[in-house]
Amino acid sequence: MVGAVPKFQAADRASRATSPAMPRRAMPFPLPLRWHWVAMAALVVPLSFALVQCGKAPNADMLAANTEGAKSRAKSQAAADTFDDRFPTPQFADRFPTAHESLPQVQRQIALAPQPRAVRTEPVRVASLTPTMTLPRTEREELTTLVSMKSSAFPYFGTNPRSEEPFLNISKGDRKGHRSHGGRVYWQDETYNDSRVLVHVPETFDVKKPGVIVVFFHGNGATLERDVRDRQLVPQQISDSGVNAVLLAPQMAVNAADSSAGKFWQPGGFKRFIDESASHLARLYGDPKSAQAFANLPIVIVGYSGGFLPTAWSLEVGGVPNRVRGVFLLDAVYGELDKFASWIEKNRSGFFVSSYTRYTKRHDQELMQMLRDRGIAVTESMDGPLRPGSVVFVQTPDGVTHRDYVTQAWTEHPVKDVLVKMAATPALTRVASAPYANR
């Protein structure tokens, strides 16, 4: 115990105590030297108390307060069930940072500018081949950058297909805005005017080999750099998977509690986006002639949280049903169940995975029942590879948070895990070969 005097130390001092009957001994050290040792002790003793204090357990009252706070937060979260309940306007800043706030940076940052890498040979997974074939790395650099695309979600000046009313339904002088489903007004020049797309081409990507395009629709309150790239690590997960894949992540509503799909609401909107991306991917890859190969790659759509809306409409009216070989939803079944069920029923050669928390459990269970009523087998485990026609629903425990779901669901880095499982099944990534790929 800090401050207690062990018995052997007390006895030792008692034996050294000066007695009247005992003669005073001569001082063993000269006076200046003795003051030197006193000064040293003055420095060492406080330091020892500080080190002892560092090893003490946290204050029990503090732990109790934290536990009670956590319990109250858990109760309030459990009460929320619908999408509107989970993203109320007064609490939005508590769930997602504002544009002026910063987030802790991860240890591994993916720079916008390409960094030179040494050429080396090591096992690389190829999407439609044995996932551990040893192939030489190509002499290329990994690239993560932002590209402006006309066919991206915004700006959008059309209508909302649900209401058939103009999307920009609020005016203030020359300014146009949109009143969201939750009642909050977002202005077009701040929230719906970013046409950029986060594009990632891993250094190992080889356009001459079978591969996939991963389209990632982010959730509410997000930006491409702060969230998709740095916090959710989507480009890193794709590179770490070793799968022959590239990434397209369009900016949706900027840092807002809104899931509007923009141009992806329009018939053929997703096809126009994919078609335009081919030339950008070819240029970034370093070979403009490879555009035709990119135009034939199969597609995997990943929708997180509010990204369910552009995902659902891209499947329903996007115009490329035969190229979409997989759909992966991350705590994202808030609605549009008919569109997801219809795509699953009509596309038995692709896979569908929905991972969910208690927030979306009711909707996921409803979708499961819809599919079973149509005679479609449903699995509730992520064990084993994904196969053509796989329909998987997996519930994650209460300790997993919605905000961190892209990096921690049933496993760490779930996007990477799904791509690795997909790569083990060649049939999921085969499409008609392009002339470039045959050269």
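The values are calculated or read from the model by the stated rules, or taken from the named source; none is laboratory data. All values reported here derive from a predicted model rather than from experimental measurement. Backbone-built Cβ (ideal geometry, glycine too); neighbour counts: all protein chains shown. Surface accessibility is based on the protein's heavy atoms, side chains included, excluding ligands, DNA and RNA. Shrake-Rupley method; radii C 1.70, N 1.55, O 1.52, S 1.80 Å.
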Output the number of the condition that Asp240 fails; it satisfies all remaining conditions of (1) farther than 18 Å from Val420 by Cα; (2) open to solvent by 10 Å² or more (accessible area, probe 1.4 Å); (3) touching a residue at least 12 places away in the same chain (Cβ under 8 Å).
(1)
Residue check, Val327 assigned to a loop (DSSP other than H, G, I, E, B), open to solvent by less than 50 Å² (accessible area, probe 1.4 Å) and of a type in the set (A, V, I, L, M, F, W, C):
no
Within the range 274-317, take every residue that is in a helix (DSSP H, G or I) and of a type in the set (S, T, N, Q) and give me the one that is farthest from Met149 (Cα to Cα).
Ser305
Determine which single condition Arg179 fails, assuming it passes every other condition in (1) farther than 21 Å from Leu329 by Cβ; (2) among the basic types (Lys, Arg); (3) in contact (Cβ under 8 Å) with a residue 24 or more places away in the chain.
(3)
Any idea which residue in the range 209-219 is farthest from His402 (Cα to Cα), counting only those that are open to solvent by less than 10 Å² (accessible area, probe 1.4 Å) and either modelled with pLDDT under 95 or of a type in the set (Gly, Ala, Ser) (or both)?
Gly211
The range 175-208, subset open to solvent by 70 Å² or more (accessible area, probe 1.4 Å) and of a type in the set (D, E, K, R), residue nearest to the chain's Cα centre (by Cα)
Arg196
Restricting to the range 182-197, name every residue that is closer than 29 Å to Phe294 by Cα and out of contact with any Phe, Trp or Tyr (no Cβ under 8 Å at 6 or more places or on another chain).
Arg196, Val197
